[in-house]
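K.L.:
First, the structure itself, so that you have it in front of you.
The values are calculated or read from the model by the stated rules, or taken from the named source; none is laboratory data. These numbers were taken from a predicted model, which means no experiment stands behind them. With ideal geometry, Cβ positions are generated from the backbone for all residues, glycine too; neighbour counts draw on all protein chains shown.
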Amino acid sequence: MIEFRMPALGADMEAGTLVEWLKRPGERIARGDPVAVVETQKGAIEIESFQPGVLAEIRVDVGRRVPVGEVLALIRGEDEAAAPARAAARPMAPPALPGVRISPAARRLAEAEGIDVAALHPGADGNIGLAEVEAARAARPFAPAPTARTPAERGLDLVAMRQAIAAAMARSQREIPHYFVGSTLELSTLLAWLEHVNAARPPAARLLYLVPLLKAMARALAAVPELNGHFVDGRFVRAEAVHIGVAVALRGGGLIAPAIHGVDRLDLDALMAKLDDLVLRVRGGRLRGSELADPTITVSNLGERTADALLPVIYPPQVAIVGCGQIAPRPWAVDGALAVRPAMTITVAGDHRVSDGRSAARFLARVGELLQAPEAL
């Protein structure tokens with residue numbers, strides 16, 4: 001049997017509240033399937049299984065607050081599921097909260113999508129979950145655009161979220177010996193290339209400057225792998241892939257930095273699609289646990305009309321974070337003469353237990369080189 005446990009969805013998480021089961025005993029689970037929904041300070045998070053099999057037993061009732069590491073359910077592995085003696089599925093346990101017709105996560109999704117809760121049909125267990133809301137959304141010929149909702153309107157406790165962020169950052173400052181290295185990169189080549197590429201595309205298919213920037217960072221990490229990974233149990237564990245956490249500001253307050261997985265393996269269009277999807281789900285309260293649990297490095301981009309530079313704080317157990325200021329016109333030396341060019345200041349905060357300023361400087365230099373040939377990204 002495989003133990004399906006409450007994961008740590010970030011260094012600041014100690015427990016979460018189980019709000020919905022997305023699978024029932026006897027149902028087959030593929031690798032990466034969401035199995036349950038957990039409420040944390042960061043909202044309702046879908047928790048996936050990374051082992052295929054059949055859900056054999058639910059150990060935790062809906063509504064219970066569960067510490068990280070506790071067993072939520074048992075999953076019968078594929079070999080066990082194939083054995084005739086173990087093929088029988090146990091019946092679904094009755095809901096732990098009698099009378100509850102719709103789960104909190106499903107209610108938030110329905111409200112965000114403008115779906116009338118009273119018109120939804122319950123599932124086989126008599127309750128309305130995410131699957132029933134998704135089915136209603138898919139059945140609409142022309143779904144209205146989701147209403148912009150603040151974290152408070154979606155049920156997020158902003159005070160608890162801010163406390164969680166503060167606790168993680170206090171731990172970071174206390175435990176991690178930070179160093180900071182910054183560089184200002186000239187981006188006229190990148191912006192001219194983006195303008196040329198986007199001119200031939202419809203608005204929905206156009207690329208944001210953040211996309212080639214993220215891809216350049218992912219490729220630069222191949223040359224500076226000591227910035228990409230985790231510091232666990234007193235040693236650095238290098239990551240084999242690049243999962244970049246992208247800091248997303250919530251409307252009304254709060255900040256979440258879920259990961260885009262395998263940025264080093266994505267082309268720019270696929271990366272743009274992943275970024276769009278991630279931001280929409282962050283603001284709609286529909287993240288997955290893996291997106292919060294395994295970023296290997298984080299990028300915080302202030303965006304346009306903000307500030308010139310950012311000194312970020314590392315999110316443990318990561319060992320580096322990149323802060324990007326706004327793109328703004330700056331005085332620039334060109335062939336011995338003074339000109340005005342668009343530029344961005346990028347700052348790396350690194351963990352001195354793993355790397356030093358030279359590593360960050362090499363990373364920034366490589367990013368700058370790659371952005372001079374964006375068509376090759």
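K.L.:
Of all residues in the stretch 33-49, which are without any contact (Cβ under 8 Å) to a residue 60 or more places away in the chain and not in a strand (DSSP E or B)?
P.N.:
The answer is D33, S49.
K.L.:
What's the number of the condition A105 fails, among (1) in a helix (DSSP H, G or I); (2) surrounded by fewer than 14 Cβ atoms within 10 Å (Cβ to Cβ); (3) modelled with pLDDT of 65 or more?
P.N.:
With (1) in a helix (DSSP H, G or I); (2) surrounded by fewer than 14 Cβ atoms within 10 Å (Cβ to Cβ); (3) modelled with pLDDT of 65 or more applied to A105, the lone miss is (2).
K.L.:
Would you check if there is a residue in the stretch 343-350 being in a strand (DSSP E or B) and more than 27 Å from the chain's Cα centre (by Cα)? It would help to see each step written out before you state the result.
P.N.:
Kept after step one, since they are in a strand (DSSP E or B), are these residues of the stretch 343-350: 343-350.
When the remaining residues are screened for being more than 27 Å from the chain's Cα centre (by Cα), the result is 343.
Yes, the conditions are met somewhere in the stretch 343-350.
K.L.:
Would you point out the residue of the stretch 7-32, among those that are surrounded by fewer than 22 Cβ atoms within 10 Å (Cβ to Cβ) and small (G, A, S), that is nearest to I47 (Cα to Cα)?
P.N.:
Within the stretch 7-32, the match that is nearest to I47 (Cα to Cα) is G32.
K.L.:
Restricting the first residue to the stretch 235-252 and requiring it to be surrounded by 20 or more Cβ atoms within 10 Å (Cβ to Cβ), which pairs with a second residue that is among the β-branched types (V, I, T) and in a loop (DSSP other than H, G, I, E, B) meet a Cβ separation below 9 Å and a spacing of at least six or different chains?
P.N.:
What qualifies is V242/T296; H243/T296; I244/T296; G245/T296; L250/T150.
K.L.:
Okay, moving on. Would you confirm whether or not the stretch 360-371 contains a residue that is surrounded by 15 or more Cβ atoms within 10 Å (Cβ to Cβ), in contact with a helix residue (DSSP H, G or I) (Cβ under 6 Å, 6 or more places away or on another chain) and farther than 18 Å from A216 by Cα?
P.N.:
There is no residue in the stretch 360-371 that is surrounded by 15 or more Cβ atoms within 10 Å (Cβ to Cβ), in contact with a helix residue (DSSP H, G or I) (Cβ under 6 Å, 6 or more places away or on another chain) and farther than 18 Å from A216 by Cα.
K.L.:
Could you tell me whether M272 is touching a helix residue (DSSP H, G or I) at 6+ places or on another chain (Cβ under 6 Å) and either assigned by TED's automatic domain parsing to the domain that holds Y209 or in contact (Cβ under 8 Å) with a residue 60 or more places away in the chain (or both)?
P.N.:
So M272 fits the description; yes.
Yes or no, residue by residue, for (1) modelled with pLDDT under 90; (2) in contact with a strand residue (DSSP E or B) (Cβ under 6 Å, 6 or more places away or on another chain):
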site: A270; (1), (2): no, no
site: G285; (1), (2): yes, yes
site: I297; (1), (2): no, yes
site: T306; (1), (2): yes, no
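K.L.:
Still on this structure, I have one more. In the stretch 276-294, which residues are closer than 21 Å to A36 by Cα and either in a loop (DSSP other than H, G, I, E, B) or of a type in the set (D, E) (or both)? Before the answer, list the steps.
P.N.:
Quick first cut of the stretch 276-294, residues closer than 21 Å to A36 by Cα only: 277-278, 280-294.
Scanning the stretch 276-294 gives D277, G285, R286, E291, D294.
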